[in-house]
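Accompanying notes for the structure given below.
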Amino acid sequence: MTQPNLAPIPELYVSADSAQKLKTEAGNMPSWDLTPRQICDLELLMNGGFYPLKGFLTEADYNSVVEDMHLTTGDIWPIPVNLDVSQDFADKIEPGQDIALRDQEGVILAILSVTDKWVPNKAHEAEQVFGADDLAHPAVNYLHNTAGPVYLGGPITGIQPPTHYDFRGRRDTPNELRAYFRKLGWRRIVAFQTRNPLHRAHQELTFRAAREAQANLLIHPVVGMTKPGDVDHFTRVRCYEAVLDKYPAATTHLSLLNLAMRMAGPREAVWHGIIRRNHGLTHMIVGRDHAGPGKNSKGEDFYDPYAAQELFRKYQDEIGIEMVDFKQMVYVQERAQYEPRDEVEDGATILDISGTELRRRLREGLEIPEWFSFPEVVTQLRRTSPPRNKQGFTVFFTGLSGSGKSTIANALMVKLMEMGGRPVTLLDGDVVRKHLSSELGFSKEHRDINIKRIGFVASEITKNGGIAICAPIAPYTATRRAVREMVEAGGAFIEVHVATTLEECERRDRKGLYKLAREGKIKEFTGISDPYEEPVNPELRVQTEGVDVDHAAQQVLLKLEGMGLIGLK
Ligand code: PPS
């Protein structure tokens, strides 16, 4: 079983001549713009990474995979790989039709000959494949909230692979890796699958695995899609490159895998095994909590930490690759080295830094000891994750018209500029309406578009290390939540409810708008003839009655300081 077959694996591409012809024909077909996840799936379908699949699963194969992890042919396959599409698109497609699959720039990558179209039972898929229909699981959340409602299945004709402009030299198809192994005379090769930066524990684990399996080592990190919140792949690859010279060059290779992970734990481990077999590997490391998605909505682990090893062991012969299993590696202080936890002598001092603790130390600019990681890796991580007081953030004021949002926002802006260090942008309600949203009115639809535009700009500013201060009315909870999600992908979001009562706003009526609204001369006026949904859990609620502006702005500053976003350094 460990004897590799390094012969080329079948791909789904047609010849260059046919590809050109097909591309022209495909121009007239209905076309589907692939999502980022579908592009990852398609690439591995076309280059043989998902062998023996010849396309997106048919309904019969899907059911068989969901129910018992096998295709209708009897081959093991644990994860549904489907083309999920919108209802509108599905309504226009019938089985028997060909559709052009395009990347996000509109380039045609493949043709799908649709044989099946069906509406899946997503709750059932979640239970069977991911173990629970729980939105805390990233793939279940994706299934319900991102994936389209209809699945299309059928064979693929590959025209061209998706283009990657980053790290081109480090990406290999299964056949490129097979050829590389053949050329170097490598026969036993163990894969290390990872979605994290490599620290010393990982290095020790990979060394041990290679020694145990008497094999060469392939560091095979996933650069497609991983768990939301992971270190981005650009940073990770720089980290891998930084530690590569700690490995013997003659026996170790680094290659990037454009896989979209599902974080499906045990089923995912089996899937990773099949994919590695297809890339010409003979062994794969499966450690503690392989491809684990973290905690469920009750705060418990989704999977037992060693369930992935058990399932892999059960199906090892069918997968066709041998597992090198490991317990968690820990640092033993007295011996100044890493050891598997179950081999540590009683009474020894174990040192460990969890992922959460590492993130905290990065965030707060604290020391990361040399026993834990390599200085070169820490340098890369610090470049991407500066301490909180150097990261971007958004302060989002919300409240009724005339509540004092703009005045406090202006005071806050000046105070932050006085402190210096980061650029500050004020996206005031009135200013935005003049420059970004001049064509919009005050219907629910228009208000939502307006707030989402503000959110988009704020998220870009935040991501790039600046401070965005927003001060629209933003009357709807759901829209504010959408903005929070956008911004939090790149930094902190602080919602400040300026809680001036309607009576007080109307009493002040600084712009005379309430009077006009009461007279019916302004329609859909917030608080009078249109709703304002009060924030339930804002980071801060400020009262303005009897409080001067300076004091209100100070409260925001104190909050920012408490969150570590502004500080002495
Ligand atoms: S929203 O709901 O967040 O899109 O509103 P926003 O962009 O903040 O714009 C609010 C300012 O527009 C003026 N204005 C109105 N407000 C609410 N409802 C209606 N119908 C309306 N018509 C005009 C008003 O001056 C608001 O400014 P502020 O600074 O909030 O008083």
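The values are calculated or read from the model by the stated rules, or taken from the named source; none is laboratory data. Please read these numbers as outputs of a predicted model, since none were measured by experiment. Cβ sites come from the backbone with ideal geometry, for glycine too, and all protein chains shown count toward neighbours.
A few points about this structure:
- Test: residue in region 485-495 that is aliphatic (A, V, I, L, M), surrounded by fewer than 18 Cβ atoms within 10 Å (Cβ to Cβ) and in contact (Cβ under 8 Å) with a residue 40 or more places away in the chain: no
- Residues that are surrounded by fewer than 24 Cβ atoms within 10 Å (Cβ to Cβ) and basic (Lys, Arg) were ranked within region 405-423; the one that is farthest from Ala499 (Cα to Cα) is Arg422.
- Members of region 168-186 that are out of contact with any Leu (no Cβ under 6 Å at 6 or more places or on another chain) and either exposed (fewer than 15 other Cβ atoms within 10 Å of the Cβ) or among the hydrophobic types (A, V, I, L, M, F, W, C) (or both): Arg168, Gly169, Glu176, Leu177, Ala179, Lys183, Leu184, Gly185, Trp186
Condition check ((1) among the charged types (D, E, K, R); (2) within 16 Å of the ligand (Cβ to nearest atom); (3) surrounded by fewer than 14 Cβ atoms within 10 Å (Cβ to Cβ); (4) over 30 Å from Asn450 (Cα atoms)) across all residues:
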{"position": "Glu334", "(1), (2), (3), (4)": "yes, no, yes, yes"}
{"position": "Leu351", "(1), (2), (3), (4)": "no, no, yes, yes"}
{"position": "Glu357", "(1), (2), (3), (4)": "yes, no, yes, yes"}
{"position": "Leu381", "(1), (2), (3), (4)": "no, no, no, yes"}
{"position": "Lys390", "(1), (2), (3), (4)": "yes, no, no, no"}
{"position": "Ser403", "(1), (2), (3), (4)": "no, yes, no, no"}
{"position": "Leu427", "(1), (2), (3), (4)": "no, yes, no, no"}
{"position": "Ser437", "(1), (2), (3), (4)": "no, yes, no, no"}
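- Cβ-Cβ under 7 Å pairs, at least 6 apart or on other chains, region 435-449 side more than 20 Å from Gly527 (Cα to Cα) and in the same structural domain as Pro472 (by TED's automatic domain parsing), far side modelled with pLDDT of 95 or more and more than 8 Å from the ligand (Cβ to nearest atom): Leu436/Arg453; Ser437/Arg453
- Consider region 523-555 and keep the residues that are within 15 Å of Leu400 (Cα to Cα) and without any contact (Cβ under 8 Å) to a residue 40 or more places away in the chain. The one that is nearest to the chain's Cα centre (by Cα) is Glu534.
- Selected residue (only one of Arg208, Arg238, Arg262 is of a type outside the set (Val, Ile, Thr) and buried (at least 22 other Cβ atoms within 10 Å of the Cβ)): Arg262
- Filtered residues of region 531-559 (kept if within 16 Å of the ligand (Cβ to nearest atom), part of a strand (DSSP E or B) and surrounded by fewer than 18 Cβ atoms within 10 Å (Cβ to Cβ)): none
- The sole residue among Arg507, Arg480 that is within 16 Å of the ligand (Cβ to nearest atom), basic (Lys, Arg), assigned to a helix (DSSP H, G or I) and within 29 Å of the chain's Cα centre (by Cα) is Arg480.
- One residue stands out in region 393-437 among those that are more than 34 Å from the chain's Cα centre (by Cα) and of a type in the set (Gly, Ala, Ser): the one that is farthest from Val536 (Cα to Cα), namely Ala411.
- Number of the exception - Val190 against (1) in a helix (DSSP H, G or I); (2) more than 27 Å from Ala489 (Cα to Cα); (3) of a type in the set (Val, Ile, Thr): (1)
- Note on region 439-448: residues that are surrounded by fewer than 14 Cβ atoms within 10 Å (Cβ to Cβ), near the ligand (Cβ under 10 Å from one of its atoms) and assigned to a helix (DSSP H, G or I) amount to 1.
- Taking the listed residues Met29, Met69, Met46, the one that is touching a residue at least 12 places away in the same chain (Cβ under 8 Å) and over 31 Å from the mean Cα position of the chain (by Cα) is Met29, with no other qualifying.
- Options Val395, Val332, Val378: the member that is under 24 Å from Glu241 (Cα atoms) and of a type in the set (A, V, I, L, M): Val378
- Residues of region 395-415 that turn out to be among the hydrophobic types (A, V, I, L, M, F, W, C) and touching a Leu at 6+ places or on another chain (Cβ under 8 Å), as a count: 5
- Inside region 405-425, residues that are assigned to a helix (DSSP H, G or I), more than 13 Å from the ligand (Cβ to nearest atom) and among the charged types (D, E, K, R) make up a count of 2.
- Lone qualifier among Lys122, Lys183 - being charged (D, E, K, R) and farther than 26 Å from Leu57 by Cα: Lys183
- Identity of the residue in region 497-520, under 18 Å from Ser406 (Cβ atoms) and in contact with a Ser or Thr (Cβ under 7 Å, 6 or more places away or on another chain), that ends up surrounded by the fewest Cβ atoms within 10 Å (Cβ to Cβ): Leu513
- Residue within region 243-251 that is touching a strand residue (DSSP E or B) at 6+ places or on another chain (Cβ under 9 Å), surrounded by fewer than 20 Cβ atoms within 10 Å (Cβ to Cβ), polar (S, T, N, Q) and under 26 Å from Trp371 (Cα atoms) present: yes
So that you can scan it fast, the table gives a plain yes or no per residue for (1) under 20 Å from Val231 (Cβ atoms); (2) modelled with pLDDT under 95:
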{"position": "Gln380", "(1), (2)": "yes, yes"}
{"position": "Pro386", "(1), (2)": "yes, yes"}
{"position": "Gly392", "(1), (2)": "yes, no"}
{"position": "Lys405", "(1), (2)": "no, no"}
{"position": "Ala411", "(1), (2)": "no, no"}
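- Exclusive hit being crowded, with 17+ Cβ neighbours inside 10 Å, closer than 20 Å to Gly527 by Cα and β-branched (Val, Ile, Thr), set Thr462, Thr394, Thr479: Thr479
- Of the residues making up region 461-473, not a single one is outside any helix (DSSP H, G or I), more than 25 Å from Gly420 (Cα to Cα), outside the structural domain of Asp230 (by TED's automatic domain parsing) and of a type outside the set (Val, Ile, Thr).
- Test result for Phe130, within 28 Å of Ala26 (Cβ to Cβ) and of a type in the set (Phe, Trp, Tyr): no
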